[in-house]
Every structure is written in structure tokens, then in C-alpha cells.
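Values in this text are rule-based calculations from the coordinates and carry no lab data. Here the structure is a predicted model, which means the values were calculated and not measured. For neighbour counting, all protein chains shown are included, and Cβ atoms are generated from backbone atoms with ideal geometry for every residue, glycine included.
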Amino acid sequence: MMERTSKQAQVQDALAWLRDGAIVAIGGSLFHNKPMSLVREIARRGVRDLVVVAVTQASIDVDLLVAAGCVAEVRVPYLGLEHHGLALNFRRHAATGRIRVWDCDETQVIAGMEAAAKNLPSGWTKTGVGTDLPHSNPDLKAVADPFTGEPMIAVPAIQPDIALLHATRGDRWGNLAYAGYPFSDVLIAEATHRCGGKVIASVDELVPASEFAADPFYADIAHILVDAVVEAPWGAHPCSSHGNYQYDDAHLARYQQHARAGEDAMAQWLAEHVTTSPTHDAYLDRFLTPTLLAALRREIYARQ
């Protein structure tokens with residue numbers, strides 16, 4: 001009988017699979033369930049030329065990687081900081097031609113990921129019919145349904161080399177549980193696994209495997225889809241982790257203040273929050289005081 005292997009890993013070891021030029025899919029949505037401890041580690045490593053896919057909305061996660069010079073192409077339907085304004089690092093790099101923008105709508109990214117999950121060369125959607133998207137993005141093809149003749153948009157399969165997720169809890173075998181909505185994380189895991197990529201998940205808490213074994217419905221993502229699980233308390237900060245803590249609005253405001261001030265100010269922010277905070281634990285010790293931790297836990301209930 002084959003011995004089962006633990007998938008628990010340190011963040012540095014889990015990201016050893018990442019290479020320059022990889023297609024990286026990031027889970028969560030907007031300010032919620034973002035794998036920020038993994039994102040910061042990528043920025044520390046100085047990985048380059050990544051194609052970053054967000055399924056479906058991105059915020060500080062992708063904008064930070066752009067600011068750090070890690071990104072060559074962005075495939076994101078929406079990238080912004082909601083009430084804090086536009087994703088200014090992304091906007092600067094896109095406007096100056098330093099990154100490519102794969103123009104798309106939400107359902108087109110989903111169609112591409114679903115195609116990968118089903119091992120199909122492309123996925124089809126009605127979204128984008130009659131628009132300029134096939135002209136601005138040559139990967140999107142205007143086609144006709146062979147049975148009805150109805151116009152459609154064909155999207156090539158999006159096949160991630162690496163997926164980055166953040167869940168509330170996990171076990172050492174790689175099972176993941178979300179206290180709230182998992183957004184598109186299940187689809188990301190299925191697509192990445194199906195095309196031979198690696199699924200890396202951070203979790204706020206690593207729990208005994210018996211918790212998953214006791215309830216067959218406890219796992220939102222099964223261990224078979226996950227390659228590495230990293231215990232990272234507060235690993236989504238400054239974003240929220242559903243059921244655990246709210247997003248840190250003051251931290252996001254400071255980030256946006258530096259982004260608005262320009263590239264020198266943004267480099268200063270990266271040095272402070274990424275480079276000179278060499279580990280997730282160092283980041284927590286530096287920026288998350290007990291008072292702040294308690295407030296963010298209270299906020300998750302106060303805003304419901």
C-alpha cells in the first residue's frame with residue numbers, strides 16, 4: 001500500500017515550483033480571501049514575466065505584483081481598489097506599455113478556465129457578441145454555433161501553471177474548507193490540476209484531518225486537487241478571510257496613498273512591507289498589533 005504524503009509546506013518551499021513566465025491564477029475576489037502571504041513571497045523572490053489571471057476580480061494582489069515588476073500580462077475582468085479608486089500601479093504600467101492587457105469580460109475568463117478544467121481546447125460564451133472585444137483581444141474569436149448558427153465568442157483554454165488560493169482551514173493532506181463563499185476557487189483548482197499545474201493554498205488554520213474525515217461535506221476543495229498547503233494565520237491580510245477577519249481598510253488606504261504618489265513612493269512601500277519583512281511572521285509582527293487583530297475580528301461581525 002502506498003504511503004500517503006503530507007502536503008503541508010512552508011511558503012518558501014511551496015513556491016519552489018514557480019518559474020519566470022508562468023501563468024499564475026489567483027483566487028478570491030476583490031478584498032476577500034486573497035492569498036496575500038503567497039503574493040508577497042512572489043514579490044520578494046523577484047520572479048519576472050508572469051501572466052496573471054484573476055478569476056474573477058482583482059485588487060491589491062495583482063496591483064502589488066505589477067508594482068514589484070513581476071508581471072508581463074494581466075488577464076483580469078476588473079482590477080481596482082473599489083472605494084479607494086483605480087489600481088494605479090496597473091494603470092501606470094499598462095499606459096506605458098510595460099505590461100500587456102488581455103482585454104476580457106468576466107464570463108470569458110470563466111469560459112477559458114472551464115475549458116481547461118474539462119480538458120477542452122476552448123470554451124464558448126455569448127458574452128462579447130457584437131462588441132469590439134474580438135478586435136482588441138485576438139485570442140477571442142467570433143464564431144457561430146454549428147447547430148443553431150447563433151453567434152458566440154470562443155475563448156482558448158486558460159491553463160495555469162500555478163494556482164494561489166486562500167482558505168479558512170485546511171489539513172495536512174490538502175483538504176480545504178471555506179467559512180464563507182469560495183468564489184471561483186474550486187474552478188481554479190480544477191483547471192490547474194487538470195492541465196498539470198500546481199495548486200498552492202494558504203490557510204488561516206491547519207486543523208486535524210479528523211475534522212474533514214468526520215464530515216464528507218466539510219471540504220470545499222478536496223485534497224486530490226491541492227499540491228501544497230501553507231499554514232499562514234492572517235494570510236489574506238490586508239484583505240479579509242471570510243468568517244475570520246475583515247479587510248484592513250486603513251492599510252489599503254495607505255497602500256493607495258503610496259501608489260498615488262508615484263513609483264518612488266511605491267518602491268518605498270514595497271521595501272517596507274515586502275523586502276524588509278522577509279517572512280510572513282515578520283510581516284505580522286511588524287504590522288498587525290494585538291489591538292488591530294481584535295478590531296478586524298470584531299469588524300467581520302459588525303459589517304454583516
Would you look at the GNM of the chain, springs on alpha carbons closer than 10 Å, and say which of 180, 97, 27 moves the most? 97
Taking a ≥ b ≥ c as the square roots of the eigenvalues of the Cα gyration tensor, with a/c under 1.5 meaning rounded and otherwise prolate when a/b exceeds b/c and oblate if not, the stretch 145-304 is oblate
Extended-chain gain in nm, criterion 0.36 nm per residue less alpha-carbon gap, residue 144 and residue 205: 17.2 nm
If amide hydrogens are placed 1.01 Å from N in the peptide plane, which non-local residues have theirs closer than 5 Å to the one on residue 57? 30
Which ordering of 6, 29, 202, 37 is given by a fewest-first count of other beta-carbon atoms within 10 Å? 6, 29, 37, 202
Two-site FRET efficiency, residue 94 against residue 3, from Cβ-Cβ distance with R₀ of 35 Å, rounded to 0.05: 0.10
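Obtain the radius of gyration and the Kirkwood radius of the stretch 191-263 from its C-alpha atoms and give Rg over Rh.
Radius of gyration relative to Kirkwood radius: 1.11.
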If you average over every viewing direction, what projected area does the convex hull of the Cα atoms of the stretch 41-81 give, in nm²? 2.6 nm²
Restricting attention to the stretch 1-89, which GluC sites (Glu not before Pro) occupy a DSSP loop and are surrounded by at most 14 other Cβ atoms within 10 Å? 3
Please build a GNM for the chain, connecting alpha carbons under 10 Å apart, and tell me which residue among 120, 88, 252 fluctuates the most. 120
Hull-based mean projected area of the stretch 3-55, where the convex hull spans the alpha carbons, in square nanometres: 4.6 nm²
Residue-averaged [θ]222 nm for the chain, counting only DSSP H segments that reach four residues, each worth -39500 (n - 2.57): -9500 deg cm²/dmol
Estimated distance in nm for a label pair at residue 215 and residue 101, the labels positioned 7 Å out from Cα along Cα-to-Cβ: 4.3 nm
With the chain treated as a Gaussian network of Cα nodes joined by springs under 10 Å, which of 111, 267, 43 yields the largest mean-square fluctuation? 267
Taking R0 as 25 Å, what's the FRET efficiency between residue 135 and residue 86 from their Cβ-Cβ distance, rounded to 0.05? 0.55
Computed FRET value (nearest 0.05) for residue 298 with residue 120, which takes r as the C-beta separation and R₀ as 45 Å: 0.45
Tell me the chymotrypsin sites (Phe, Trp or Tyr not before Pro) within the stretch 94-179 that lie in a loop according to DSSP and have at most 15 other beta-carbon atoms within 10 Å. 147
Report, by chain and number, residues whose modeled amide H sits under 5 Å from the one on residue 33, excluding near sequence neighbours (fewer than 5 apart, same chain). 240, 241, 242
List the pairs from 34/198; 126/198; 34/141; 141/198 whose alpha-carbon separation is above 24 Å, in the order I gave them. 126/198; 34/141; 141/198
Considering every pair of different Cα atoms, what Kirkwood radius, in Å, is found for the stretch 60-162? 14.8 Å
Using only alpha carbon pairs under 8 Å that are at least six residues apart, calculate the relative contact order of the chain and give it in whole percent. 20 percent
